[in-house]
Amino acid sequence: MTDPAARPAAKTPRRPVPAVHSRPAALVLLALLSLVWGVHWVVVKEGLRYFPPLTYGALRLVTGLLTMVAILAPRRQLRRPPRADIPIVLSVGLVQMAVSILIMNFALQAVPAGRSSVLAYAMPLWVSLLMWLLFRVVPRRSEVLGIVLGVAGVAILVNPTVIDWGIPAELAGTLALVSYGVMWAGVTIHIRRHTWHATPLELQPWMLLLATVVVGAAALLFEPGAKVDWQPGAVFALLYSGPLATAFAYWASQSITRSLGPLSSAMGFLATPLVGLVAGALILGEQLGPADLAGFGLVVAGIAAASLVPARMAARHDPAGADPGAAFPAEPMG
């Protein structure tokens, strides 16, 4: 008879990292993030007066990366990411950071800051749609209504009476912002569904480093010898974009999504385009026509309908709510 003590101990599976913050703390963080990112559309619009777009993006990432290193190095939290976290590093670093900055900096040269923020932050609409298409999570009636309203609003914002289709830069920038909203929705779902082995804070330098290499290479290739007009406005824009809107904001967005889930966190992002609209009107004097207001209103109403899901229903749509990653098998350990 085999001695039970001689049997090899069963390997205890590693549990996913729990939610980063309590719900109240995550909601406070969400309010701060909405304010920072909403105003940031205006800051970038102004910053492009001093920087070429790729150079601005690269410098923003460099300053954000240096900020994170300065925070983590004294705490001895700079370490290589676990192999199982490489997919989320690639997803966030390439799409949510590098691609978003490239699209934002080019689009804002031709598209008003307020309209840009609304088109990009239509992301919650695409979260509901992608969860339906990819994970067979059947949307509630309110979510279906939200998708219909939001898509109608986006259609109004891209129609020829609102933007001039004869200006290639304005049309391309508008369509790129819509496309990025869809890509960001995919990353948002990935952040929540991924089984995290390190925290967002520990992985942040690697995500920023990856994005810096991509955007920096593009700047060296397409903007060699770029000149920067180092006025006080340029310094302010860079400090806002780097340490605040990059180092803090990207960490906060991942932590919020992990703490609240993709659908619940999407509700809070509703405030960001509203802040962007108000900031664009008050600071830049952007004029809003009837079609703009109608499109904005439909997008906001759609996001609200798609995102305001009661807690008991959010658990059905986001089965990983109590245990991040529980809906899918844990990824192989390194």
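Using the Cβ-Cβ distance between T199 and V278 with R0 = 41 Å, the FRET efficiency computed as 1/(1 + (r/R0)^6) comes to roughly 0.75. Overall form of the stretch 129-217: oblate. Here a/c, set by the Cα gyration tensor axes a ≥ b ≥ c, is 1.5 or more, and a/b is not larger than b/c.
The overall shape of the stretch 50-194, judged from the alpha-carbon gyration tensor, is oblate: a/c is not under 1.5, and a/b is no greater than b/c.
Extension gain for V144 to Q109 (0.36 nm times residue separation, less C-alpha to C-alpha distance): 9.2 nm.
The Cα atoms of the stretch 187-241 give a gyration tensor whose axes a ≥ b ≥ c have a/c of 1.5 or more with a/b greater than b/c, which makes the shape prolate.
Here the gap between I86 and Q231, fully extended at 0.36 nm per residue and compared with their Cα-Cα distance, gives a gain of 48.3 nm.
The gain in end-to-end length when the T161 to L288 segment is fully stretched comes to 44.4 nm, 0.36 nm per residue minus the alpha carbon separation.
Toward the positive end of the charge dipole of the stretch 52-161, with +1 on the Cβ of Lys and Arg and -1 on the Cβ of Asp and Glu, the farthest Cα among V95, T67, S128 is that of T67.
Read-outs: derived from the displayed coordinates by stated rules, not from any lab. No experiment lies behind these values; they were computed from the predicted model shown. Counting neighbours? That spans all protein chains shown, and the Cβs are built from the backbone with ideal geometry, glycine included.
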